[in-house]
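The values are calculated or read from the model by the stated rules, or taken from the named source; none is laboratory data. Keep in mind that what you see is a predicted model, and the values were worked out from it rather than measured. All Cβ positions, glycine included, derive from the backbone under ideal geometry; neighbour counts span all protein chains shown. Just so you know, the surface numbers come from the protein's heavy atoms only, side chains and all, with ligands and any DNA or RNA stripped out. Shrake-Rupley method; radii C 1.70, N 1.55, O 1.52, S 1.80 Å.
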Amino acid sequence: MTINKRNLILCGFMATGKSSVGKKLASLVGYDFLDMDASIEAEEGISIPRIFAERGEAAFRALECALVERLASRCGLVIATGGGTIVNPLNLEKLKGCGILINLTADIDTIIARAGSGEDRPMLQQGDRRERIEKLLEQRASSYAQADLAVDTSSLSIEDVAKLILDCLRESGRL
Ligand code: S3P
């Protein structure tokens with residue numbers, strides 16, 4: 001098995017399991033785990049909902065871009081992106097250049113159930129929850145489709161998703 005330490009980068013819609021699966025995947029493969037949203041919150045010293053409320057979405061997206069820029073020169077990481085990170089084509093290009101991009105998906109009922117009250121997710125605050133998710137999924141579909149691998153997490157445990165990703169990467173000689 002060749003381990004070239006290209007980053008393993010989880011993308012995909014909110015509540016598809018990027019952070020939980022990322023942690024598990026990192027422990028299985030022996031890489032460090034980096035959660036982009038948690039890094040931004042730690043660096044800014046405030047929560048993402050507060051960044052959106054006090055500075056606006058554009059300010060949050062600029063922080064995301066700056067972080068992607070820094071991550072592009074690193075290796076040996078499992079990275080959990082935010083649900084909107086790769087919607088920006090520049091972020092998509094930089095992340096694809098420094099690792100293998102894995103898209104986690106889930107059906108809409110699972111997303112709604114996992115998102116709970118959604119109060120920690122500012123992108124879900126407007127209007128009817130289901131309609132909002134459907135619209136965002138439609139708008140983002142072409143970005144998520146750029147990933148190297150996709151895994152539907154709807155009916156799998158965190159551990160099973162992480163193991164499935166590893167199996168796929170190993171079978172295809174990418175890890
Ligand atoms: C966002 C998803 C969130 C977070 C921010 C914006 C989005 O991350 O980055 O609230 O645009 O989909 P999660 O996907 O971890 O919820």
| task | Identify, among ALA113, LEU67, THR16, the residue whose Cα sits farthest towards the positive end of the charge dipole of region 1-155, taking +1 on the Cβ of Lys and Arg and -1 on the Cβ of Asp and Glu, with the dipole about the Cα centre. | result | LEU67
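Give me the 1.4 Å probe accessible area per residue for the chain, excluding ligands and nucleic acids, in Å².
On the way: 8400 Å² over 175 residues.
Value for the chain: 48 Å² per residue.
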| How much accessible surface area, in Å² rounded to 10, belongs to the heavy atoms of PHE33 with a 1.4 Å probe? | 60
| Label zone at CYS65 (point 7 Å along Cα-to-Cβ), backbone N below 14 Å, region 42-59 | 57-59
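Out of the total accessible area of the chain (probe 1.4 Å, heavy atoms of protein only), what percent is carbon and sulfur?
With neighbouring chains kept in place, the figure for the chain is 49 percent.
Mind putting a number on the dipole of region 46-175 about its Cα centre? Charges go on the C-beta only, +1 for Lys and Arg and -1 for Asp and Glu, and I need it in Debye to the nearest 20.
440
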| request: Sum up the charges of everything whose Cβ sits under 14 Å from the Cβ of GLY97, counting Lys and Arg as +1 and Asp and Glu as -1, but leave GLY97 out. | output: +2
| Straight-distance crosslink candidates among lysines, where the alpha carbon sits under 16 Å from LYS24 and sequence neighbours closer than 8 are dropped | LYS163
| said: Using the Cα centre of the chain as origin and beta-carbon charges of +1 (Lys, Arg) and -1 (Asp, Glu), tell me which of ASN103, ILE158, CYS168 is placed farthest towards the positive end of the dipole. | reply: CYS168
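Provide ARG55, ARG6, ARG61 ordered by accessible surface of protein heavy atoms (probe 1.4 Å), highest first.
Working: ARG55 110, ARG6 90, ARG61 55 Å².
Highest to lowest solvent-accessible surface, that is ARG55, ARG6, ARG61.
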| said: Please report the equivalent ellipsoid semi-axes of the chain, computed as sqrt(5 x eigenvalue) of the Cα gyration tensor, largest first, in whole Å. | reply: 25, 19, 14
| Amide H of LEU77: which non-local residues (sequence gap of 5 or more, or other chain) have their own amide H closer than 5 Å, using H built in the peptide plane? | ASN7, LEU8
| Ranked from the most accessible area to the least, with a 1.4 Å probe and all protein chains present, what is the order of GLU44, GLU134? | GLU134, GLU44
| task | Choose one answer from GLU54, GLU93, GLU64: the residue with the largest mean-square fluctuation in a GNM of the chain with alpha-carbon springs under 10 Å. | result | GLU54
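So which DSSP H runs in the chain come out at 15 Å plus along the axis (Cα) with average Kyte-Doolittle of at least -1.0?
Numbers: long enough: 18-29 (16 Å, 0.27); 57-71 (21 Å, 0.57); 129-144 (21 Å, -1.56); 158-171 (20 Å, 0.46).
Membrane-span-like by this criterion, though nothing is claimed about a membrane: 18-29, 57-71, 158-171.
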| request: Once you've got the GNM for the chain with C-alpha springs shorter than 10 Å, pick whichever of ASP109, ASP160, ASP32 has the biggest mean-square fluctuation. | output: ASP109
